[in-house]
Amino acid sequence: MTILPDAAKAYIGVQAEDEIACDTVERGAVRRYAQAIMDDDPIYWQDGAVSARYGGPVAPALFPTHMFRRAFGTPDPVQENARDPDYDGATKLRGGLPEIEPLKDFSVMNGGSEIEFYRYARLGETVKLRARYVDIIEKQSSKGPIILIVSETDYLNGDGELLMRARHTRIRRRV
Amino acid sequence: MTRPARSICFEDVAVGDELPSLTRGPLTTPHLMRWSAAFENWHKIHYDAPFATGHDKLPGLLVNGSLKQQFVIQLLKDWAGSTGWVWKASFQFRAMNVVNETLSVWARVTGKRACPDFGLVDLELGIVNEQGKESTPGKATVALPYRGGQPVPYPFVAPKV
């Protein structure tokens, strides 16, 4: 017996509107990020020969995935939930993809990710993302049937050049 | 943590080779807080110990999966050097790592593929703690230049393989 409703399969191919990061690739943000991941590679902060291949200093490879932060003028979930003892602080799924309504009561687990890299984001560049559902399938696991939801997100610079493509798999299970 | 002085070539690599490992840790609460702040993610399980252990019944503050990914990419990037390129990397989060663990990223060459302008090196990889427990198995493909050849083109253009 399948647990995957046809109405859920209809989400395959659904693409979100492009989302533009609220800030450009900022030098200070890159410094804090690089120091937090403990990677002082000079390509992140030195001009000249060391970063010439990339057209100047760049951000760490995964930086574009973390640029989609809360913009000015948007609700503050930390304050809104300040009196909720169950608030876990987790950031919601980014990328503007709609919730798959027929599966909204299923549990969610991270099923892994695959990332392709094409170029670094340079200091000063804008970054946008474009997300879509690429597959929704049912599989059998040792603990019963599960649904795999595969989404793909392209990260592009302001000129539309592809920086990276991330493919995420989320596992949904009936609770 | 600087770029390798000498770039590695496709011909330098053999199937079965182990890459130099990358060790990070012990990963303390300040490490996790610093990472949460750097990417503005306020999930409490990474810095609020009473919430992590009391509310979510976790064994301790969790090391972010997103931080572990960074260590993998760093190992691959530094190995590929200034003339190579990390094309693909995949990760699965199979087990938790908690605060104060020391993590080591490992990678091993599983295959080589020659392309017209550069070579592709396939790897398996993972992250183990001090007890050798694997938490983050994955795979990667790195493009390396041929000896005496041009650096891998940048921006990278995926080969037809």
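Odds and ends about this structure:
- Separation of the B:Leu58 and A:Arg70 label points, Cα + 7 Å toward Cβ, nm: 1.9
- Just so you know, the averaged projected area of the alpha carbon convex hull for the protein assembly as shown sits at 18.4 nm².
- Here is the tail figure for region A:56-175: Cα pairs spaced more than 23 Å apart come to 45 percent of all pairs.
- Using R0 = 25 Å, the C-beta based FRET efficiency linking A:Leu148 and B:Arg108 works out to 0.40.
- Applied to region A:130-147, the Karplus parametrisation 6.51 cos²θ - 1.76 cosθ + 1.60 on θ = phi - 60° returns per-residue 3J(HN,Hα) values of 9, 10, 7, 7, 10, 7, 9, 9, 9, 9, 9, 10, 5, 9, x, x, 9, 10 Hz, with x for Gly and Pro.
- Once Rg and the Kirkwood radius are both taken over the C-alpha atoms of region B:104-153, their ratio Rg/Rh works out to 1.15.
- Where GluC sites (Glu not before Pro) in DSSP loops with at most 16 other Cβ within 10 Å are excluded, longest remaining stretch of chain A: A:27-98
- Relative contact order of chain B, defined on C-alpha pairs under 8 angstrom at six or more residues apart (%): 29
- Packing-based exposure ordering (other Cβ within 10 Å, fewest first) of A:Met1, A:Met164: A:Met1, A:Met164
- Sequence of B:Val98, A:Val127 once ranked by neighbouring C-beta atoms within 10 Å, starting from the fewest: B:Val98, A:Val127
- B:Ala49 paired with B:Gln150, simple spin-label distance in nm, labels 7 Å along Cα-to-beta-carbon: 5.6
- Cα centroid separation - region B:36-101 against region A:13-59, whole Å: 19
- Tail fraction, Cα-Cα pairs, chain B, threshold 20 Å, whole percent: 54
- Across all directions, the average flat footprint of the convex hull enclosing the Cα atoms of region A:1-105 is 11.2 nm².
- On the principal axes of its alpha carbon atoms, region B:18-93 extends 48, 25, 21 Å, with the longest extent given first.
- Longest to shortest principal axis, alpha-carbon extents of region A:98-149, angstrom: 47, 23, 16
- Estimated distance in nm for a label pair at A:Glu26 and A:Tyr87, the labels positioned 7 Å out from Cα along Cα-to-Cβ: 2.3
- Label point 7 Å beyond Cα of B:Asp17 along Cβ direction - residues of region B:129-159 with amide nitrogen under 17 Å: B:140-152
- Shown for B:Asp12, A:Asp105: other C-beta atoms within 10 Å of each C-beta, ranked fewest to most, produce the order A:Asp105, B:Asp12.
- Neighbourhood charge, 11 Å Cβ-Cβ cut-off, centred on A:Ile20 and excluding it, Lys, Arg +1 and Asp, Glu -1: -2
- Compared with the dominant principal axis of the Cα atoms in chain B, helix B:29-38 is inclined by about 60°.
- With θ taken as phi - 60° and the Karplus curve 6.51 cos²θ - 1.76 cosθ + 1.60 applied, the whole-hertz 3J(HN,Hα) list for region B:132-148 is x, 6, 7, 10, 9, x, x, 9, 8, 10, 10, 8, 10, x, 7, 4, x Hz, x standing for glycine and proline.
- Computed over chain A: relative contact order in percent, which uses C-alpha pairs under 8 Å that are six or more apart: 31
No value in this document is a laboratory result; all are computed from the given coordinates. Values in this document were obtained by computation on a predicted structure and should not be read as measured data. Methodologically, a virtual Cβ is constructed for each residue, glycine included, from the backbone with ideal geometry; neighbour enumeration extends over all protein chains shown.
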